[in-house]
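We did not get these values from a lab; they are worked out from the coordinates using the rules stated. Everything numeric in this text was worked out from a predicted model, so none of it was measured. Note that each Cβ is placed from the backbone with ideal geometry, even for glycine, and that neighbours are counted across all protein chains shown.
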Amino acid sequence: MSDDAQKQSAPGVWYGRVRMGLGWGWFQGAVGDPAAHAHYAIQLVLCDRPVPVWTASEGWQKRCAILLGPSLMHALGRSDEAVTLVYLEPDSDAGRRIRQLLQHGVAILSPKQQAACHDALDARPQAPDEALVEQLVPAGGGVAERRTDPRIDALLADVDAWLDEAAGTSRLAAAAGMSVSHFQHRFRAQTGMPARPYLRWRRLLRAMHAVLTGATLTDAALLAGFADAAHFTRTMRRHFGITPRALAAMTP
């Protein structure tokens, strides 16, 4: 990342509202220059006036509506305008449909799509994932049939049970009844990331949800399987560019 990009993405203050649901997250408020970061979610950035968005391929560009793909390093510049951010789990039904729109990890939305997304999100605040699919995915546009491994499916369905343990790859492979090498290959092919980073991501979501429901940072960290609040803070900053303390200051 260039010196100019680092300067624009210096930490700042966020304030606004935030919600989390099954497979999605939503934020609306002022963006306070998060550090450059990457996370597992697909992210929509939506604003009435252009906001600075940095990616490695495009550098800093001003955008009103842009989709950013999973694991894409990016940053947002400071904006006092109300910005809406929607996060979708890429392996959810909505995430797989929206992911089809990405080219090289990015999709720039048209003004018509921008307006439609604004209206849909306002109308369906408790189901932003479904609202975006309805507006962005053509009618009848499905997703290619996925070939998944039922052993990986079963592990993912019960993934929260593994968050309280120091589950290594060998234990996960044994639970799935697979060799370590085969498990690593199948898990990454199905989720797009190795098992241990995936579990870390799920721990982070659990801890963030706990903070939003009133837990202290220490309690949230321990509940999700982090060593302590500092570990939780480092992980959240790496994935979202902000700290749990900033999240705790926001309102539902």
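Considering all projection directions equally, how large on average is the shadow of the alpha-carbon convex hull of the range 150-248, in square nanometres?
Working: hull surface 24.2 nm².
So the mean shadow area of the Cα hull is 6.1 nm².
Dividing the convex hull volume of the alpha carbon atoms of the range 3-136 by its residue count gives 94 Å³ per residue. Where nothing but the Cβ of Lys and Arg (+1) and of Asp and Glu (-1) is charged, how large is the charge dipole of the chain around its Cα centre, in debye to the nearest 20? Roughly 460 debye for the chain. The alpha carbon centroids of the range 88-139 and the range 192-252 are separated by 25 Å.
Scaled against the 2.2 N^0.38 Å expected of a compact globular protein of N residues, the Cα radius of gyration of the chain reads 1.01. For the chain, the relative contact order works out to 19 percent when only alpha carbon pairs closer than 8 Å and six or more residues apart are counted. For the chain, what does the helix formula give at 222 nm: sum of -39500 (n - 2.57) over DSSP H segments with n ≥ 4, over the residue count, nearest 500 deg cm²/dmol? Rounded to the nearest 500, it is -12000 deg cm²/dmol. Take the chain and mark each of the GluC sites (Glu not before Pro) that is in a DSSP loop with at most 16 other Cβ atoms within 10 Å; the longest unmarked stretch, sites excluded, is 166-252.
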